[in-house]
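Before we start, here is the structure in question, set down as structure tokens.
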Amino acid sequence: MKTLHLLDGSSFIYRSYFALPPLTSKDGFPTGAVYGFLRALLSIIKSERPQYMAVAFDLPAPSKREKVYKEYKAGRPSMPDPLKVQIPVIKKLTRLLGVPIVEREGYEADDLIAGLTKKFSEECFRVKIYTPDKDMLQLVSDKVTVVNPITWEVYSRDKVVEKFGVPPEKVPDFLALVGDKVDNIRGVKGVGPKTAVKIIERFGGVEGILKDWERFKAKYPQANKEELELSYYLVKPLVDVPKEILEMDLKLKDPDRGNLKRELERYDMKSIIKEIDKIFGPTAGRQGTLF
């Protein structure tokens, strides 16, 4: 069975920027995020030898969630300028490596990954998702695993149950109840992880709660129906995209070695050039896919 590898490019970029010291090229251009991102990407290519892969990115335009709830992710600091200028470079180098990029205005990287996962897991693909975002654990199934690129933990269905106390398909219910401070999702006041599991066992999930609201409200008088509905919407990925992407669009191609080397030399990344030579060989005369 074929395997599709999907990377949350936006989380990889942030992680690389904040985890590494402030590296710069000789001319002073910041390169820490570029270097860290490429190291992570090449590490996956080296270990997995993928035939099918895509990197999903957020775009600056407001997402559909932000249009519904202006406070969504409002607590997050704005992107630092030294990071902002590196994003176009990262995308250019990713394309020169032959790795497909997926991005759509109004959709977060999570949504794009969820859409691709749904589409291709239904088309006889196994899917391996690389992201530290716990929301994505709701996508785990017999054909879908999630890898946390920080700890390199691999999440199967059993591992998700071990983490949350509920199976993957109930993760949105769990998160809607407990909330998420990082994304500014309120949840239900006073409901923690253990209580959320008990509620899901009793009501079946958020939809069951909403149908039996009076009984739930009697037990949890602090609960707000509209807030719970909103939280549930915010934690569920939008899987209506990107239907137009085909299998051939996600197949890795040969790196554009000449332009890639010139760009990497421009940013003083000799070690990355050496790593690429180790993975792909010293020359790139072949046509078509690498693997």
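Rule-based calculations on the coordinates, nothing more; no lab input. Fair warning: this is a prediction, and the values are worked out from it, not measured in the lab. Methodologically, a virtual Cβ is constructed for each residue, glycine included, from the backbone with ideal geometry; neighbour enumeration extends over all protein chains shown.
Along Cα→Cβ, 7 Å out, is where each label goes; now give me the distance between the ones at D254 and E207 in nm to one decimal.
5.0 nm
I need I101, I150, I13 ordered by Cβ neighbour count within 10 Å, fewest first. Show your work: numbers first, answer last.
Numbers: I101 15, I150 11, I13 24.
Sorted ascending by nearby Cβ count, the order is I150, I101, I13.
What is the ratio of the Cα radius of gyration of the chain to 2.2 N^0.38 Å, with N the residue count, to two decimals? Mind dumping the intermediate values first?
On the way: Rg = 20.8 Å, N = 291, 2.2 N^0.38 = 19.0 Å.
Its radius of gyration relative to the 2.2 N^0.38 Å reference: 1.09.
What is the sum of charges around R157, taking Lys and Arg as +1, Asp and Glu as -1, for the other residues whose C-beta is under 13 Å from the C-beta of R157?
Numbers: positive: K143, K159, K163, K170; negative: D142, D158, E162, E169.
Neighbourhood net charge equals 0.
Charges on Cβ only, +1 for Lys and Arg, -1 for Asp and Glu, centred on the Cα centroid of the range 165-235; of V178, Q222, Y232, which one is farthest towards the dipole's positive end?
Q222
Right, something else. Rounded to the nearest 0.05, what FRET efficiency do A218 and V161 give with R0 = 45 Å and r taken as the Cβ-Cβ distance? Could you check?
Approximately 0.95, to the nearest 0.05.
If you don't mind, there's one more thing I want to ask. Out of all DSSP beta bridges with both ends in the range 55-156, state the antiparallel percent to the nearest 5.
Values: 2 of 8 bridges.
Close to 25 percent.
Another one. With only alpha-carbon atoms counted, please give the Rg and Dmax of the range 174-220, in Å.
In Å, with Rg to one decimal and Dmax whole: 10.3, 30.
Please state the charge dipole magnitude for the chain, taken about the Cα centre, from unit charges on C-beta atoms (+1 on K and R, -1 on D and E), reported in debye and rounded to the nearest 20. Spell out each step's value before the answer.
On the way: 50 positive and 42 negative charges, 99 e Å.
With only Lys, Arg, Asp and Glu charged at Cβ, the dipole is about 480 debye.
I want the local charge near F29. Using Cβ-Cβ distances under 14 Å, sum +1 for each Lys or Arg and -1 for each Asp or Glu among the other residues. If you can, show how the numbers build up before the last one.
Working: positive: K26, K84, K92, R266; negative: D27, D81, E263, E265, D268.
My count for the surroundings of F29 gives -1.
With an 8 Å Cα cut-off and a minimum separation of 6 or more residues, compute the relative contact order for the range 82-188 in percent.
Relative contact order for the range 82-188 comes out at 14 percent.
Please report M53, M1 as a ranked list, fewest other C-beta atoms within 10 angstrom at the top and most at the bottom. Could the numbers behind the result be given before it?
Numbers: M53 23, M1 6.
Exposure proxy ranking, most exposed first: M1, M53.
Quick one: the Cα spread of the range 151-291 along its three principal axes, in angstroms, biggest first?
70, 32, 28
Of the residues Q222, Q86, Q51, which exhibits the maximal mean-square fluctuation in a Gaussian network model of the chain defined by a 10 Å Cα contact cut-off?
Q222
When a/c reaches 1.5 or more, the comparison of a/b and b/c decides; with that in mind, is the range 1-136 rounded, prolate or oblate per its Cα gyration tensor? Each step should come with its number before you reach the end.
Numbers: a/c = 2.11, a/b = 1.14, b/c = 1.84.
In terms of gyration-tensor shape, oblate.
Check each of the GluC sites (Glu not before Pro) in the range 12-117 and keep only those in coil by DSSP with at most 13 other C-beta atoms within 10 angstrom; list them in order.
Values: sites: E48, E66, E71, E103, E105, E108; in loops: E71, E103, E105, E108.
Here the sparse-neighbourhood loop sites are E71, E105.
For the range 165-235, give the magnitude of the charge dipole about the Cα centre (Cβ charges: +1 Lys/Arg, -1 Asp/Glu; no others), in debye to the nearest 20. Before the final figure, lay out each step's value.
Values: 12 positive and 11 negative charges, 75 e Å.
About 360 debye.
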